[in-house]
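This report concerns only the one structure given below.
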Amino acid sequence: MNYTEIKINKKEAEEILFDLFNIKGEVSELPGEVDFNFRIKIKNEEGYILKISRLNEDAGYLDFQQSLLRFIEKKGSDFEAPKVITDKKGRVVSEIIDENGNIRKVRLLTWISGRVWSSVNPQLNDLRFSLGKQCGILTKALQGFDHTEAYRYFEWDVAQSLWTKEYLNLFSSEEKKILSFFQERFEFSKESYDMLRKAVVHNDANDNNVIVSESLIAPKVKAAIDYGDAIYTQVINDLAITCAYAIMHHNNPLDASLPIIKGYHFEFPLEEIELKHLYNAIAMRLVISVTKSAINKEKEPDNTYLLISEKPAWEVLKKWRNISAEFSEYSFREACGYKAHPNQEVFEKWVEEEEITFTDVFPTIKKEIIYPLDLSVESLWLGHSSEFNDLELFQFKINQLQKSQQEKLIAGGYLEARSLYTSEDFSVIGNSGREERTIHLGIDFWLPSKTPVHVPINGVIVTVTNNNKFKEYGGLIIVKHKENNIEFYTLYGHLSMDSLEGAKVGNPVKKGDCIGFLGNSEENGSWASHLHFQVLLSMLHFENDFPGVALHSEVEVWKSICPDPNLLFKSEVLNNLQTKSNQEIIKYRKQHLGKSLSLQYKVPVKMVRGQGIYLIDQFGNKYIDTVNNVAHVGHEHKQVVKAGQQQMALLNTNSRYLHENINQLAKELIETLPEELNVLHFVNSGSEANELAIRMVKANTGQRDIIASEVGYHGNANMCIDISSYKFDGKGGSGAPEHTHIIPLPDTFRGKYSDKDANNKYAKEVLKQIVKIKEKGRNVGAFIIEPIISCGGQVELPEGFLTKVYEYVRNEGGLCISDEVQTGCGRMGKTFWGFQLHNVVPDIVTIGKPLGNGHPLAAVACTQKVADRFANGMEYFNTFGGNPVSCAVGKAVLETVKNDGLQKNALEVGNYLKDELKKLARDYPIIGDIRGQGLFLGIELVTKNMNPLAEEASYLANRMKDHKILMSTDGVDNNVLKIKPPMVFSKDNANELLFYLKKIFKEDLMQKSNIE
């Protein structure tokens, strides 16, 4: 009989429900492999789930499920589970005869409200921990339960999974290889596996059997449902099944499994021997799944539920095959609080009694005092990235250091996070964006090439190679040691090619034997001649290679597999190379820095290095920076840094002395401006620039009244705060001062005016303020505004607005100031300055730190007329404004913008990104407006009723940070994502940004807002 003929429809289910239970409700179909399931909604109640069996279902099997649920209920466990509802006759399992005369079994259970796991997005670590925790609680609750049906033959039981070998003919040759690999592993270890502890377990926490709370911010797993697969089996199988489904759709399934394992262990402690079999058990559940799907394709091609996990199961199996089983076990152990490597403590105890010296390794050097060399991400010695990527320069610096430290052995590097590794071979795409292998797992000894290297412990050579895939070593030899039944290895990297000729795999070596010589920088693929010395407690799955650098996210596992080589040498200097934690830094800030200083993001990030579009944290993680417009031509741009360093080495003094740099910078800057704006004053910041501009206004007009925009921000000095609505109308502010007059934010999307005549209406708001000023017997001094209002939410001024406003202000003798602190220096793409978008020429232009690429440099450009009136006899002097170092830096910035075509890049990449964001907005209505010019864009998030979505904007910024992309929010209602990255931001960077924006817009919180 086919699937369609045995299927129960919704109308039949309604009748069965009323006849047996005297219940009426709204009935809807649910998926199911064995039973036909129906959701029963009852007004003001949780409701029920009605389960109707297929033909002639085994009564004992159904009694088993009902007995299990009643056992849990009696235990009163601290978790939710469906409760059994008896029918009108008091039966826990009812019977009906369908219209074809077939006996059907019927059960009714309470409904557990919430969302199924498969519908929850994102499934973050806290949620995954709660999944493991709830499954562990359930296993604990089932302890002591017994029933004859628990011992049945069951194809979905991992312990019985070798039946799948009979169906290998259903698969392609490539698929057979993968399935056979796991089947053979499972069969090989079965003797030990069969001895693991057993119990009745749920056995089916798949993505449609797990119920999650409705909360979108911090959801938790509430319960596992559908106990039809419960069976007496190895306890570890229950966790394996939970993991098998929950690690689907992840780039790194091992990493995705760890919070689940940690949560399970928290409630139901796992034994070390069980963790040894978990990798195989997870794989075998997936093997069962794909095999069942292959069989069911032929048996019931119409039942799509039976095939629902096939594709993701295959994806995980392929990834799981490429993950080391041994490394997985160590990761599982670490997640459960055990030492990751089972022999770590034994090794540490043995090595305590050993006396090994640096001279044992380098007997010709005879140095025991260490000079620690810092090559970390934070290292000042390393200098600029262009320096440590220059092999000759790096070797020269090492040589100089060796000359100055002749009595010491230069060494260091264990667990040091390094940004030296720039090849793509060191990058992976993890579950939260790009990750870099940065954590150094050995100690480096920096010595001249051809220095002999000796073995400090007896052993046997197991690896000799110069072709390691990790490209980390050059010549490599690994020696295996066995001491007091402890097996471990020592690794010698960066040896000369000659060293490898006499070394053969299998050759014994004794303590004191010379194993090779250090290679030079050309032959060993490194920056300078040195030995990379590493201790391994396991070779994992490697034969001719071994990684010397690890991901920071895996450091706890790797430092157990590769313990500190200094355990052998016991150097106090090498023991003390530690940096402060983020928590310590935050604690000190709170105690000793101003309380008004804030930190970005809910979980702050410590940034220690910049490079182009990236900011890099202390662990070497690279974050794409989309908000730091101050690093105008890229973080730590080589030419800009060099210009500042060179001039600083010669002279830095004030502008009262003649110096060519100030003239050269002025010339470069004037070339970018309209001919009317040909007088410059150099200062140190945008705040100083705007402060000086207001002084010029007072000197020119004799007036103090300034008109500015709502949510405008012009700096943190006193006069700047007085004209910044963003500050005095914000938290802690006390409103506009007497001489400041604020117009509504000229926003045509969600502002006061949004019709076709908005430009005139907003311009007349300025006119109204002029009238109010004149009514007080005064007149307007100036009008100041950004061409795109940044803190207002990247708000573009209406077309024609500035033309009219400038006319109104100038008619009254006032000056017009364009605040270009954030919009200037080519960022607009179409034009070099923001005001040029509006075909106006201001009287004063203020320019900020982007001119110095973050160096404290800013400027005020004005007309000759304004400059002449300002020079009224009171000298303007700024100690650091226009100093030779700042001017050298500024000139380099402007030359870089011009020579590297960065204005054109801003136009092309900005237009591309803006167009793609508009396409994104079609799919996600939460995106209300995309605006801005060049690389100065804003994304405003609103409901369909135009209500601001600040929570969603904050959520998106923090989630993007999780994926190594830095974003920030702004706007009147903090509902605008701003995009104003360094000008070297490329189309590839834009595509990465778009990829993760799409990913996060699909998440539950954002989707909910889409439909509200």
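Structural remarks
- Using the average count of surrounding beta-carbon atoms within 10 Å as a protection proxy, the listed peptides 229-238, 597-606 rank, highest first, as 229-238, 597-606.
- Here the convex hull built on the C-alpha positions of the stretch 444-550 has a volume of 95 cubic angstrom per residue.
- Residues whose placed amide H lies under 5 Å from that of VAL116, excluding near-sequence neighbours: VAL212
- In percent, rounded to a whole number, the relative contact order of the chain is 8, using alpha-carbon pairs under 8 Å and six or more apart.
- Counting charges near ALA921 (Lys, Arg +1; Asp, Glu -1) among other residues having Cβ under 15 Å from its Cβ returns a value of +3.
- The gain in end-to-end length when the ILE85 to ILE486 segment is fully stretched comes to 138.4 nm, 0.36 nm per residue minus the alpha carbon separation.
- Considering only CYS816, MET1006, ILE930, and ranking their Cα positions along the charge dipole of the chain that arises from unit charges at the beta-carbon of Lys, Arg, Asp and Glu, the one farthest toward the positive end is CYS816.
- Straight-line reach from LYS299: taking Cα to Cα under 19 Å and skipping same-chain neighbours fewer than 8 places apart, the aspartates and glutamates in range are GLU5, GLU33, ASP35, GLU57, GLU155, GLU166, GLU310.
- Going by neighbour counts of Cβ atoms within 10 Å, the residues THR863, THR438, THR803, THR164 line up, fewest first, as THR803, THR863, THR164, THR438.
- Eigen-decomposition of the gyration tensor built on the alpha-carbon atoms of the stretch 552-592 gives equivalent ellipsoid semi-axes of 28, 16, 5 angstrom, largest listed first.
- For the stretch 902-1011, the Kirkwood estimate of hydrodynamic radius, built from reciprocal distances between every pair of different alpha carbons, is 13.8 Å.
- Cross-link pairs beyond the 29 Å C-alpha cut-off, checked among LYS11/LYS220; LYS752/LYS776; LYS220/LYS311; LYS276/LYS602: LYS11/LYS220; LYS276/LYS602
- Positive-pole candidate from THR748, THR626, PHE396, dipole of the chain, charges at beta carbon: THR748
- Amide H contacts of LEU815: ALA782, PHE783, each under 5 Å away and 5 or more positions distant or on a separate chain (H built 1.01 Å from N in the peptide plane; Pro and chain starts excluded).
- Distance from the stretch 118-182 to the stretch 654-718 (C-alpha centre basis), Å: 69
- Residues CYS135, CYS514, sorted so that the one with the fewest Cβ neighbours within 10 Å comes first: CYS514, CYS135
- With bins 20 Å wide beginning at 0, the percent of Cα pairs of the chain falling in each bin runs 11, 32, 31, 21, 5, 0.
- Computed Rg/Rh of the stretch 582-623, alpha carbon atoms with Kirkwood Rh: 1.03
- Couplings for the stretch 821-838, taken from phi via the Karplus curve 6.51 cos²θ - 1.76 cosθ + 1.60 with θ = phi - 60°, read 4, 9, 9, x, 6, x, 5, 6, x, 5, 9, 6, 10, x, 5, 5, 5, 10 Hz in order; Gly and Pro are left as x.
- Summarising the amide proton neighbourhood of TYR371: residues at separation of 5 or more, or on other chains, whose placed amide H is nearer than 5 Å comprise LEU409, ILE410, ALA411.
- FRET efficiency, 1/(1 + (r/R0)^6) with R0 25 Å, evaluated for LYS74 and GLU45 via beta carbons: 0.60
- Here the gap between VAL555 and ASN811, fully extended at 0.36 nm per residue and compared with their Cα-Cα distance, gives a gain of 85.4 nm.
- Rounded to the nearest 5, the antiparallel percentage of DSSP beta bridges internal to the stretch 641-899 is 45%.
- Whole-Hz couplings from phi, Karplus 6.51/-1.76/1.60, listed for the stretch 390-400; x for Gly and Pro: 9, 4, 5, 5, 4, 4, 4, 5, 5, 4, 5
- Only lysines eight or more places from LYS510 in sequence, or on another chain, were considered; those with a Cα closer than 28 Å are LYS349, LYS366, LYS367, LYS408, LYS450, LYS480, LYS482, LYS559, LYS570.
- Peptides 189-202, 168-181 ranked from most to least packed give 189-202, 168-181, packing being the mean of other C-beta atoms within 10 angstrom over each peptide's residues.
- Computed from the Cα positions only, the extents of the stretch 42-108 along the three principal axes stand at 43, 32, 20 Å, in decreasing order.
- Scalar couplings 3J(HN,Hα) for the stretch 128-138, obtained by applying the Karplus form with A = 6.51, B = -1.76, C = 1.60 to θ = phi - 60°, are 5, 4, 5, 5, x, 5, 5, 5, x, 4, 5 Hz; x denotes Gly and Pro.
- Gain on full extension, evaluated as 0.36 nm per residue between GLU326 and VAL346 minus their Cα-Cα distance, stands at 5.4 nm.
Taken together, the values in this text are just the output of simple stated rules run on the coordinates, not laboratory data. Because the structure is a prediction, the values reported are computed rather than measured. Cβ coordinates were reconstructed from backbone atoms using ideal geometry, including for glycine residues, and neighbour counts include every protein chain displayed.
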